[in-house]
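Novice: Please read through the structure below; I'll follow up with questions.
The values are calculated or read from the model by the stated rules, or taken from the named source; none is laboratory data. Bear in mind that the values here come from a model prediction, so they are computed numbers and not experimental data. All Cβ positions, even for glycine, are placed from backbone atoms using ideal geometry, and neighbour counts span all protein chains on display.
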Amino acid sequence: MSVFIARLLGAPPEMLLELGRFWSLRWGQQDVPSYAVWWRLVLKRAVDFTGALVLVVLLSPALAAIALAITLDSAGPILFTQERVGLFGRVFRIYKFRTMVANAEVLTGPVWAAREGDPRVTRVGRFLRRTHLDELLQLLNVLKGDMSLVGPRPERPCFVTGLQREVAGYDHRLYVRPGITGLAQIHYRYDQTVSDVRKKLRFDLLYVKRMCLMLDARILVWTMAVVLTGRGIK
């Protein structure tokens, strides 16, 4: 209704688009008043920015050590960037520490996440992937507003196009910013098949419906347990 009224009043297309997006998220949180949904989004962004800034400062020695280890371990750049699909389908470039040999997909093209024993993964890369430390550079994406500390995992555009056709409700996970960690990420491994995507989608949609700071705090604590023990939840 708000979108219809705004259209009648001659609101600019940008405002209509944002209103439409807000009501899409509002649909996912039907038991929450509209003002509460808006306030949750404002608080979430404030916590994301502040938390990411503090973590970048505190973890700067660790980030430098990881960069040095990658340089000594294999030839190639320290950083790895790749296009991912974010909030409401916006494409952005994600930042990660490189965990594979340089130009790993030249011969294979885009493929699902590497399985155990993938020869393209470097020695340091195996450790970084097991502990999820390769994801730390995504704090820069959080500062830029591309991502959140907590949210669904951002996927590559080439995969999203197919998943939107094959997996019912997949678009609904784009109602919130993607996250460095999330409810689905701590329960399942990286996506390797469409079946994995379907399993994780249940957790992503649950997060969209129940999104709040308390749930984010719990997910961050669970994530720390995964990182400290070096064991991902399968």
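Novice: When you scan region 164-181, how many residues do you find that are assigned to a loop (DSSP other than H, G, I, E, B) and at negative phi?
Specialist: So in region 164-181, the residues assigned to a loop (DSSP other than H, G, I, E, B) come out as 167-169, 176-178.
Add one more test, that the residue is at negative phi, and what stays is 167-168, 176-178.
So the count comes out to 5.
Novice: Kindly indicate the residue of region 194-203 that is surrounded by fewer than 19 Cβ atoms within 10 Å (Cβ to Cβ) and in contact with a Phe, Trp or Tyr (Cβ under 7 Å, 6 or more places away or on another chain) and also modelled with the lowest pLDDT among those meeting that condition. Full working, then the answer.
Specialist: From region 194-203, those surrounded by fewer than 19 Cβ atoms within 10 Å (Cβ to Cβ) are 194-196, 198-199, 202-203; that's our starting set.
Then keep just the ones that are in contact with a Phe, Trp or Tyr (Cβ under 7 Å, 6 or more places away or on another chain); that gives 196, 199.
Numbers: D196: 82, K199: 85.
In this case the residue turns out to be D196.
Novice: Identify, by number, the condition in (1) at pLDDT below 90; (2) among the polar types (S, T, N, Q); (3) crowded, with 21+ Cβ neighbours inside 10 Å that T161 doesn't meet.
Specialist: The one condition T161 does not meet is (3).
Novice: Which residues, counting only those in region 109-128, are at pLDDT 85 or above and either closer than 15 Å to R153 by Cα or surrounded by fewer than 15 Cβ atoms within 10 Å (Cβ to Cβ) (or both)?
Specialist: Hit for region 109-128 is R123, nothing else.
Novice: Also: So which residues in region 63-97 are at pLDDT below 95, loosely packed, with under 13 Cβ neighbours inside 10 Å and either of a type in the set (G, A, S) or more than 21 Å from P154 (Cβ to Cβ) (or both), if there are any at all?
Specialist: L72, A75, G89
Novice: Just need a number here: residues in region 118-133 that are over 14 Å from T71 (Cα atoms), touching a helix residue (DSSP H, G or I) at 6+ places or on another chain (Cβ under 7 Å) and assigned to a helix (DSSP H, G or I).
Specialist: The total comes to 2.
Novice: Another question about this same structure. In the set V227, V142, V221, which member is in contact with a Ser or Thr (Cβ under 7 Å, 6 or more places away or on another chain), assigned to a helix (DSSP H, G or I) and surrounded by fewer than 18 Cβ atoms within 10 Å (Cβ to Cβ)? Please lay out each step first, then the result.
Specialist: Numbers: V142 fails: surrounded by fewer than 18 Cβ atoms within 10 Å (Cβ to Cβ); V221 fails: in contact with a Ser or Thr (Cβ under 7 Å, 6 or more places away or on another chain).
Within the list V227, V142, V221, the selection yields V227.
Novice: Another one. Just to verify a result, which residue in region 48-62, among those that are surrounded by 14 or more Cβ atoms within 10 Å (Cβ to Cβ) and among the hydrophobic types (A, V, I, L, M, F, W, C), is farthest from R123 (Cα to Cα)? Can you show your working first?
Specialist: Our first condition is that a residue be surrounded by 14 or more Cβ atoms within 10 Å (Cβ to Cβ); within region 48-62, this holds for 48-49, 51-52, 55-56, 59.
Remaining after also requiring among the hydrophobic types (A, V, I, L, M, F, W, C): 49, 52, 55-56, 59.
Values: F49: 32, A52: 28, L55: 26, V56: 25, L59: 22 Å.
Here the residue is F49.
Novice: L137 passes all but one of (1) surrounded by 15 or more Cβ atoms within 10 Å (Cβ to Cβ); (2) assigned to a helix (DSSP H, G or I); (3) at pLDDT below 90; which number fails?
Specialist: Every condition holds for L137 apart from (3).
Novice: Ok, one more. Of the residues in region 168-191, how many are hydrophobic (A, V, I, L, M, F, W, C) and surrounded by fewer than 15 Cβ atoms within 10 Å (Cβ to Cβ)? Reasoning before the result, please.
Specialist: If we filter region 168-191 for residues that are hydrophobic (A, V, I, L, M, F, W, C), which is where we start, we get 168, 174, 176, 180, 183-184, 186.
Imposing the further condition that a residue be surrounded by fewer than 15 Cβ atoms within 10 Å (Cβ to Cβ) reduces the set to 168.
Matching residues across region 168-191 total 1.
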